[in-house]
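The values are calculated or read from the model by the stated rules, or taken from the named source; none is laboratory data. The structure displayed is predicted, hence computed values, not measured ones. Positions of Cβ are generated from backbone atoms using ideal geometry, with glycine treated the same way; all protein chains shown enter the neighbour counts.
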Amino acid sequence: MNSEPTMSVNVDPTNPGQFFACCGLLELADRLWEGAEGWFEKSLMKFHVRTLNAEANSDQLLESLATCDLCNTMKPDVLAEYVRLKAMSGKDRTKDEDARKKDFDKQWRELPLILHEPFGDFIIDWFLDSRAGGNRFKTWAGQQSVMNIAQDMKRPIEQGLYNDVPVTDWISHTVGTGVDFNFDSDSSIQSSALDVGFVLDPLGMNGATRPLLQMLAFIGLQRFRAAADTSNNAYTYVPWTTPLLPAVAACVAANSVRLNNQTSFTFPLLYRTKYLKSFLPAKIGE
């Protein structure tokens, strides 16, 4: 293992979106370069990733994320039929074709996503996990498409809008506007700490967003979770300060394994509707 970090990002530990983005960064690094470790500085204001590969660097990871194929689990023949039906006007579709398109619309909105090579066909389905509670962090409404949001968050990365952004600023940098996953507690609008309390997209409004934060947090939530006290709408995560592999770090992050002198953070969810949620800022746990 190299003695120096391969990459380091600045973090606001009270922003749960930034915390889970760090988890996602470690996840991707470990999938690119098996054996990656991650940890937070004692100040908790910086997150480090260290790999076994001396040639590994942040540019490789960013390019890999930009160029990898993102899709869902629709079969190719089903997807081709869906594309065909969407291209038709409503009056040209038969009743059977309308019914099939409606079913395909639902699959497009709800099916698990896959990050293909070089990330090992990584399936992301935590938002469907009711057994272990992963779906508690599903922040988008039922008629919103997880695929569309993920594509929108990946697009600025594909367009090279992060190529000149220092790795230290990856998860704090704002790029353009759009409907995101609402993981960034600084706000889903205009990068302000003030949440206006209503959803923007039905009103035709778009707020400034941090696509790389959103995408990395979405990835991080597949393995990393927060301990839940649902009766009090309280979710606790622990930034670990010892270099750990992802499998161990996930246990510490969820407060399932406790290390000495670790600081926990607890955040609530803002329920705009029963289904539409946002992550709110965290406070240091007692």
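A compact table of results
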item	result
Condition met for residue 273 (buried (at least 21 other Cβ atoms within 10 Å of the Cβ) and either of a type in the set (Asp, Glu) or at pLDDT below 95 (or both))	no
Members of region 35-58 found to be crowded, with 21+ Cβ neighbours inside 10 Å, touching a helix residue (DSSP H, G or I) at 6+ places or on another chain (Cβ under 7 Å) and not in a loop (DSSP other than H, G, I, E, B), listed by number	38, 47, 49
Count of region 254-286 residues which are under 23 Å from residue 240 (Cβ atoms), in a loop (DSSP other than H, G, I, E, B) and within 21 Å of the chain's Cα centre (by Cα)	7
Near pairs, Cβ below 9 angstrom, 6+ apart or cross-chain, from region 68-86 (touching a residue at least 40 places away in the same chain (Cβ under 8 Å)) to any residue that is in a loop (DSSP other than H, G, I, E, B) and among the hydroxyl-bearing types (Ser, Thr, Tyr)	none
Where residue 222 falls short, out of the listed (1) in a loop (DSSP other than H, G, I, E, B); (2) without any contact (Cβ under 8 Å) to a residue 60 or more places away in the chain; (3) among the polar types (S, T, N, Q)	(2)
Residue in region 184-206 that is under 26 Å from residue 123 (Cβ atoms), at pLDDT 95 or above and surrounded by 15 or more Cβ atoms within 10 Å (Cβ to Cβ) present	yes
Selection from region 237-253 of residues that are within 17 Å of the chain's Cα centre (by Cα) and of a type in the set (Ser, Thr, Tyr)	237
Output for region 151-163, where each listed residue is acidic (Asp, Glu) and either within 23 Å of residue 275 (Cα to Cα) or in a loop (DSSP other than H, G, I, E, B) (or both)	152
Any pair with Cβ under 9 angstrom, 6 or more apart, that starts in region 89-104 at a residue that is free of Cβ contacts under 8 Å to residues at least 24 places away in the same chain and ends at one that is assigned to a helix (DSSP H, G or I) and among the aromatic types (Phe, Trp, Tyr)	100/82; 101/82
Qualifying position, being touching a helix residue (DSSP H, G or I) at 6+ places or on another chain (Cβ under 7 Å) and surrounded by 19 or more Cβ atoms within 10 Å (Cβ to Cβ), among 32, 61	61
Every residue from region 91-150 that is under 16 Å from residue 79 (Cβ atoms), assigned to a loop (DSSP other than H, G, I, E, B) and among the aliphatic types (A, V, I, L, M)	111
Residue within region 88-98 that is hydrophobic (A, V, I, L, M, F, W, C) and buried (at least 17 other Cβ atoms within 10 Å of the Cβ) present	no
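Residues are listed down the side, and each one gets a yes or a no for (1) basic (Lys, Arg); (2) in contact with a Lys or Arg (Cβ under 9 Å, 6 or more places away or on another chain); (3) not assigned by TED's automatic domain parsing to the domain that holds residue 217:
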site	(1), (2), (3)
236	no, no, no
246	no, yes, no
249	no, yes, no
252	no, yes, no
258	yes, no, no
264	no, no, no
268	no, no, no
271	no, yes, no
278	no, yes, no
